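The values are calculated or read from the model by the stated rules, or taken from the named source; none is laboratory data. Being a predicted model, the structure only gives us computed values, none of them experimental. Positions of Cβ are backbone-derived with ideal geometry, glycine not excepted, and every protein chain shown enters the neighbour counts.
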Amino acid sequence: MSEETLVRNYNIESGLGKALPKKIIFWDETMRDGEQTPGVYFSPEEKLQIATTLSEMGVDIMDVGIPVVSKEEARGVKLIANAGLDATILAACRAVRRDVEACVECEVDEVSVFIACSDLHLKYKLNMTREQVLDAAVRECEYAKAHGVGVTFVTEDTFRADFDYVVKLYNAAIEAGATRAVFSDTVGYTTPAMMKWFIGKIKGKLKPVQLSVHCHNDFGLAVANSLAALEAGVEVPHTCVNGLGERSGNAAFEELVMALEVLYGRKTGIDVSRMAEVSKLVEQLSGVPVAINKAVVGYNSFSHESGIHADGVIKMTSTYEPMQPERVGRERRFILGKHTGSTAVEDKLKKQGVHATPEQVKEIVTMVKELAESRSKEEQAAFIDMYREREEKRRGVSDAEFWEIVRKAGLSPPNEFR
């Protein structure tokens with residue numbers, strides 16, 4: 001009996017794959033929201049490295065920054081915009097004239113005009129009325145369109161805002177020139193069921209426009225919510241490599257793509273063989289280590305120690321692996337430790353041409369377990385302490401550095417920093 005007949009995929013059998021849009025357009029946020037990860041900074045040249053790799057992999061749209069932030073940010077955006085990449089290059093801007101002008105000056109293909117829309121944000125962050133927000137959105141969408149760039153309209157905190165106002169605001173932006181509408185789950189407040197409900201309800205109330213979602217991972221649901229949005233008819237999901245982004249991050253590029261490829265049987269057009277490559281690149285340039293248990297690209301995602309699991313994988317990889325590691329540029333590893341069984345030891349010996357009797361294998365397994373259990377945890381504890389200390393230092397400008405800057409500006413720092 002072939003392997004295929006032994007594995008049932010009810011995602012496909014139930015018709016979920018048929019609910020997906022004909023073309024899924026991947027919008028990368030690594031160089032904008034990903035860089036907003038606390039303590040992360042990409043130089044313009046580093047952004048170009050990331051953008052080039054993602055474009056070569058088949059990513060359709062890339063938000064490469066907010067030019068008004070700084071001169072270096074603007075230089076980076078313009079550098080990528082003029083690099084001749086196949087991907088559409090987009091820059092983000094608040095619904096503020098100087099922000100939009102900065103994007104236009106960088107010669108990007110499109111701009112994403114964003115503004116908050118929940119009453120919570122309007123009252124405590126923007127100090128604006130609903131009417132003022134609508135006027136600003138319309139004004140800047142019209143201005144961007146008039147200056148020859150494609151226009152996407154984005155609202156922050158979409159899923160906690162008044163529904164009727166959301167509809168009114170988006171329709172006004174669409175009339176002003178926006179051709180794509182992005183709904184943002186800014187604090188990860190959405191569930192997959194609620195996402196489907198919201199998209200299903202709003203689709204019929206908006207003027208013709210391409211739909212997109214921007215999902216945050218505060219409750220670990222960003223990828224699940226993005227999949228639910230796609231099932232509901234959204235065409236453009238936002239992702240970040242390694243799930244970088246504000247707080248707990250955004251929907252992870254590698255997870256969403258591979259979920260579509262493996263679970264839904266959908267060819268995404270992404271060169272998935274370079275997943276490990278782009279993950280390591282972003283890990284290196286961001287300084288944010290990939291969690292060992294991170295799906296798809298984590299160092300343990302294709303590692304096995306348990307005797308039962310190792311035995312199964314050696315006999316048939318699909319017993320304990322949902323896909324082949326080589327498919328995403330990874331390798332399978334068998335870890336020898338407390339839970340190791342005889343099959344893993346025999347396999348390791350055979351691969352090196354070493355033949356052992358069953359008694360010798362049993363003896364080796366026993367000694368491996370004893371060694372693993374006898375090791376001190378001092379080194380492990382020291383590593384965790386070092387990692388936490390490094391994370392504190394990595395997170396932007398330290399207090400001492402900040403107060404030194406304050407002193408140079410002619411102000412007097414607190415006594416403890418003098």
note = For Asp164, the lone unmet condition from (1) surrounded by fewer than 22 Cβ atoms within 10 Å (Cβ to Cβ); (2) out of contact with any Pro (no Cβ under 8 Å at 6 or more places or on another chain); (3) touching a residue at least 24 places away in the same chain (Cβ under 8 Å) is (3)
message = With the requirement that a residue be free of Cβ contacts under 8 Å to residues at least 60 places away in the same chain and hydroxyl-bearing (Ser, Thr, Tyr), what does segment 291-318 give you?
response = Tyr299, Ser301, Ser303, Ser306, Thr317
Checklist (1) part of a helix (DSSP H, G or I); (2) outside the structural domain of Lys348 (by TED's automatic domain parsing); (3) surrounded by 11 or more Cβ atoms within 10 Å (Cβ to Cβ) applied to Glu363, failing item = (2)
note = Every listed condition ((1) more than 13 Å from Gly188 (Cβ to Cβ); (2) in contact (Cβ under 8 Å) with a residue 60 or more places away in the chain; (3) of a type in the set (S, T, N, Q)) holds for Ser273 save (2)
note = Scanning segment 225-243 for residues that are part of a strand (DSSP E or B) and of a type in the set (S, T, N, Q) gives Thr239
query = List pairs: first in segment 88-99 and farther than 15 Å from Phe26 by Cα, second among the aromatic types (Phe, Trp, Tyr) and surrounded by fewer than 24 Cβ atoms within 10 Å (Cβ to Cβ), Cβ under 8 Å, 6+ apart or cross-chain?
reply = Ala92/Phe114; Cys93/Phe114; Arg94/Phe114; Ala95/Phe114; Arg97/Tyr143
ask   = If you go through segment 189-220 one residue at a time, how many are assigned to a loop (DSSP other than H, G, I, E, B) and surrounded by 22 or more Cβ atoms within 10 Å (Cβ to Cβ)?
value = 2
message = Report every pair of residues separated by at least 6 positions or lying on different chains whose Cβ atoms are under 6 Å apart, first residue within segment 189-215 and of a type in the set (Ser, Thr, Tyr), second assigned to a helix (DSSP H, G or I).
response = Tyr189/Phe159; Tyr189/Arg160; Thr190/Phe159; Thr190/Asn225
ask   = Mind checking whether some residue in segment 15-30 is closer than 26 Å to Ser226 by Cα, of a type in the set (Ser, Thr, Tyr) and touching a helix residue (DSSP H, G or I) at 6+ places or on another chain (Cβ under 7 Å)?
value = yes
